[in-house]
Amino acid sequence: MARFGANLGLKLLALVIAVFLWWVAQGTSSVERSYDLPIVARGSPEDLVLTEQSSEVMNVRIMGTRAMLRTFRPEALEYTIDVSGAKPGVSDYEIDASHLDLPRGARIVSRSPARIALTFEKRSSKQVPVRPDVEGTPAPGFEVDRVEVDPPRVRISGARSEVLRLGAVVTETIDVSGLAESTERDVRVSSGGGHVWVDSPGLVKVRIRVVPRPEEAGATKEG
C-alpha cells in the first residue's frame, strides 16, 4: 500500500491548481442579481408640484460575472426622469434603463415597472396665521397670561388644493412646565406635511408671558 506522504509535493501542487481553477470559474461565471433603485424626478417646472408617483423604486435584474457584481455599488445609482415638460395632471413616462451606469460587461435582463405615472398640480402660495403649540403647566402659583408670535403670519407654498385647505400652521411644541418667569424662544414652524411647506426662513419668535396667579398676587399684597 502506497504511503500517504509519497509524492506529497505533486499532490499539493494539484490541490493548488484545483483551487485556482475553481476560483477562476467562480469569478468568470455569469450570474443574475436583483436591485431596487430609487426613481427621482428632476427638472420639474417651477409652477408645478409633484404630488403622486406610482412607484418610488425600479427593480432591475443585472447579469454579469461574480467578480464584476461583487464590486458593483447599486446604492450610488438612481433612475432619473426628466420632467421639465410636465403639465398639470397625470404624465406617463416609459422606463428606459439603458442609460444606467453599469460595470463594463454587465447587462440588464429585466426592469420593473415598465412605465411610471407622475401626477403634477399647480403651485400656489398664501399667508396664514401661526398658532403656537404650548404645553405644560408653569410653576405652582403661576400661569400663562399671554402668548405672542412674531411674525404672526407666514407664507406657505405647495400644491394648490392643499394650500387652499390649510388655514394655519403650528409651531414646534414649547414646554412651559415649571416656568416661573416669562420667556422668549425662536421656534420652527410646520405645515403638517403633505405637499405644502413654509417659505424660508421658517422660524418665528414666540414670547410667553408668565405671571403670578391672581390669588397669589392678592395674598402677596395683603401680606
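Sequence-distant contacts, meaning Cα pairs under 8 Å at least 6 residues apart, place the relative contact order of the stretch 36-95 at 55 percent.
Computed from the Cβ-Cβ distance with R0 of 35 Å, the FRET efficiency linking ALA97 to ARG155 stands at 0.30.
For the stretch 30-122, DSSP calls about 85 percent of its internal beta bridges antiparallel.
Tell me whether the stretch 132-222 comes out rounded, prolate or oblate; compute the Cα gyration tensor, take square roots of the eigenvalues as a ≥ b ≥ c, and use a/c under 1.5 as the rounded threshold. Numbers along the way, then the final one.
Values: a/c = 3.37, a/b = 3.19, b/c = 1.06.
Prolate shape, in that a/c is at least 1.5 and a/b is the bigger ratio.
Amide H contacts for VAL210 (H built 1.01 Å from N in the peptide plane; partners 5 or more residues away or on another chain; cut-off under 5 Å): ASP145, SER182, THR183.
Footprinting exposure proxy ranking of PHE120, PHE72, fewest other C-beta atoms within 10 angstrom first, gives PHE72, PHE120. Fewest-first ordering of ILE81, ILE108, ILE62 by other beta carbons within 10 Å of each residue's beta carbon gives ILE108, ILE81, ILE62. Ordered by the number of other Cβ atoms lying within 10 Å of each residue's own Cβ, fewest first, SER177, SER34 fall into the sequence SER177, SER34. Between the amide H of VAL170 and those of ARG131, SER190, distances stay under 5 Å, these residues lying 5 or more places away or on another chain, with hydrogens modeled in the peptide plane.
Where a number appears in this text, it was derived from the coordinates with a stated rule and is not lab data. Quick caveat, the model's predicted, so the values are computed rather than measured. Note that we place each Cβ from the backbone using ideal geometry, even for glycine, and neighbour counts take in every protein chain shown.
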